[in-house]
Amino acid sequence: MDTYLLQIFNGISVSSIFMLAALGLAITFGLMKIINMAHGEFIMIGAYAAYVIQNIFSQYLPASIFDFYFFIAIPASFLAAGIFGWVLERLVICHLYGRALDSILATWGVSLILQQLARSIFGAPNVDVKSPDWLNGALLIHPGLQLPYKRLFIMLMVIICMTAIYYLMYRSNYGRKIRAVMQNRAMAASLGINTRKIDAYTFAFGSGLAGIAGCALTLLGSIGPTLGTNYIVDTFMVVVLGGVGSLWGTIAGGFLIGTGNTTLEFLTDATLGKVLIFTLVIIFLQWRPKGLFTINSRSLDE
Amino acid sequence: MLEVKNLQAFYGESIILKNINLDVQEGRIVCLLGRNGVGKSTFLKSIMGLVNTPCGSIRLQGSEIIDQPTYARARAGIGYVPQGRDIFPHISVKENLQLGLEVNNGKGNISPEVYELFPILKEMLARKGGNLSGGQQQQLAIARALVAHPKLLMFDEPTEGIQPSIIKDIGKVILHLKKEGYTILIVEQYLEFILDIADYYYVMDKGTIVAQGFVCDMDKETIQHKISI
């Protein structure tokens, strides 16, 4: 039982990372109808940004403050991935609006380029990011069940990010504009909203969220150029299951995938568990093709 | 206020507007009449910059806007109430109104006058835009265009699919706006509605203007014949 509880806990903490990456994907897909295959690479960029910050701290700064590097690494990951996202939107994505199939191919190409770029700069082998000392250890619930601080920290970080996203999307002027453009691009422009600017900022923001997810992943293991590819499938699954463009859907989808995955893996084995969760998602989507959270309204133009 | 010269408009490869000349003078209510599918809505969209307009000229208060993107035209002072209303369905009535302030970068407040003109909206501020009835959505769309005090207001078939009592209300609102000095361009098929409110009319057929004149001199039967099927 304790082993199972720990597995569930681990599953939720990993899937909370997916939630963060998936939210970025859901927002950009909801806004621009672009399927961004390079989204996983923004996770990778975020992870390497954390790696670079760690190296700067260990080489140039006194050892006593090394443990605080992670607080710099989080915003650095966000910014690094966000800047890459902004450049990608300006150079590639902006030519692909309304062409979903082309966007898959083009962004997949971009993802290969970014992977090779990482390989050229950091080398092909995986690198390790040393977790700060204060994150080592675990919270002892009772003998046999210990919750690692790292994973608790990841969950806390994701909760803070989610709250920030909620306020940005639903309580700010900027979020109102994003939602208006998502729902009716032409009308939003007719009200004086610069939709091109909204697209670029939102894409950069979504990419930045993936960057934070990458930063969180460095706490769980070593990182390499193909880090993003390993996670992108699960991220897409969370988006599809939750319902595109829905904050609550993404959170629920992340929880279901995380706990379902670990439960099934615990009951069977890793490969079969993956197969089963995919099958369940496919069956579920036959029943509700638009995902968990769909929005109903009186408007006809949907 | 608005001068349109030799305007052409396309949907993809097909030409919709062939050669349109139209003026809206300051403080006037001008109406564009015509059957379904002759290009009336396309004309408003081309003023808004929502369709492809390769040649012609659109001047707002003397300055050329045909090369401007849609959002810049809105910021130059054009308020647009599209056919089908285009209310944002998943956000509240209040947020829909607040989006009307975006032409001033979201600054300013929704003036109480808007609620005086449309009292129903005040009761519905927290509702989702998509949950309003057709008539309520029409009132919301007009209110949303008004919050920014545009120089030119454009209505696309404001009476379409709306119950008679609300049509009357909308007519009253338009007359009130005229008194306040607004310049208005209305696209309509419903002749009776126009007779009471408009100063000048144009009739469009197959992408060109086929008749124009002052409403007071209008030969009702000929015009009715031109715009009915």
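The values are calculated or read from the model by the stated rules, or taken from the named source; none is laboratory data. What you are looking at is a predicted structure, and each value in this text was computed from that prediction instead of being measured. A quick note on method: Cβ atoms are made from the backbone with ideal geometry, for glycine too, and the neighbour counts reach across all protein chains shown. The protein model used for the area step is the full one, side chains on, heavy atoms only, and it has no ligands, DNA or RNA in it. Shrake-Rupley method; radii C 1.70, N 1.55, O 1.52, S 1.80 Å.
Brief remarks follow.
- Gyration tensor verdict on segment A:14-231 (Cα atoms; rounded if a/c is under 1.5, prolate if a/b is larger than b/c, oblate otherwise): prolate
- Sequence of B:Asp169, A:Asp128, A:Asp234, A:Asp67 when ordered by accessible area, the most exposed leading, probe 1.4 angstrom: A:Asp128, B:Asp169, A:Asp67, A:Asp234
- Non-local Lys pairs in chain A, i.e. 8 or more apart or on different chains, that have alpha carbons under 21 Å apart: 5
- Fully extended contour minus Cα-Cα distance, from A:Gln116 to A:Tyr174, at 0.36 nm per residue: 17.4 nm
- Largest-first principal axis extents, alpha carbons of the protein assembly as shown, Å: 93, 44, 41
- Normalised contact order of segment B:1-80, rounded percent, pairs of Cα under 8 Å and 6 or more residues apart: 35
- Shielding score for B:124-135, defined as the mean number of other chain Cβ atoms within 10 Å: 2
- Counting, for every residue in A:192-202, the Cβ atoms of other protein chains within 10 Å of its Cβ and taking the mean gives 4.
- Using a probe of 1.4 Å, the accessible surface attributed to B:Leu175 totals some 70 Å² when neighbouring protein chains are kept in position.
- P(r) histogram, all alpha-carbon pairs of segment A:1-96 included - 5 Å bins from 0, percent: 3, 12, 16, 17, 15, 13, 12, 8, 4, 1, 0
- Applying the criteria of a DSSP loop state and at most 13 other Cβ atoms within 10 Å to the trypsin sites (Lys or Arg not before Pro) of segment B:186-226 yields B:Lys206.
- Largest accessible area first, the listed residues A:His39, A:His142 line up as A:His142, A:His39 when surface is computed with a 1.4 Å probe on the assembled protein chains.
- Excluding same-chain neighbours fewer than eight residues apart, the lysines reachable from B:Lys40 by a Cα-Cα span under 24 Å are B:Lys5, B:Lys18, B:Lys151, B:Lys168, B:Lys172, B:Lys178, B:Lys206, B:Lys220, B:Lys226.
- Heavy-atom accessible area with a 1.4 Å probe sorts A:Thr268, B:Thr53, A:Thr235, largest first, into A:Thr268, B:Thr53, A:Thr235.
- Under 18 Å from the Cα of B:Lys94 - aspartates and glutamates, other chains or at least 8 residues apart: B:Asp86, B:Glu102, B:Glu113, B:Glu116, B:Glu123
- Difference of contour (0.36 nm per residue) and Cα-Cα distance, A:Leu139 to A:Leu5: 46.9 nm
- Relative contact order (percent, whole number), chain B, Cα cutoff 8 Å, 6+ residue spacing: 29
- Rounded to the nearest 20 debye, the dipole size of the protein assembly as shown about its Cα centre is 200 debye, using +1 on the Cβ of Lys and Arg and -1 on the Cβ of Asp and Glu.
- Among the residues of A:178-189, the average count of other protein chain beta-carbon atoms within 10 Å of the residue beta-carbon is 6.
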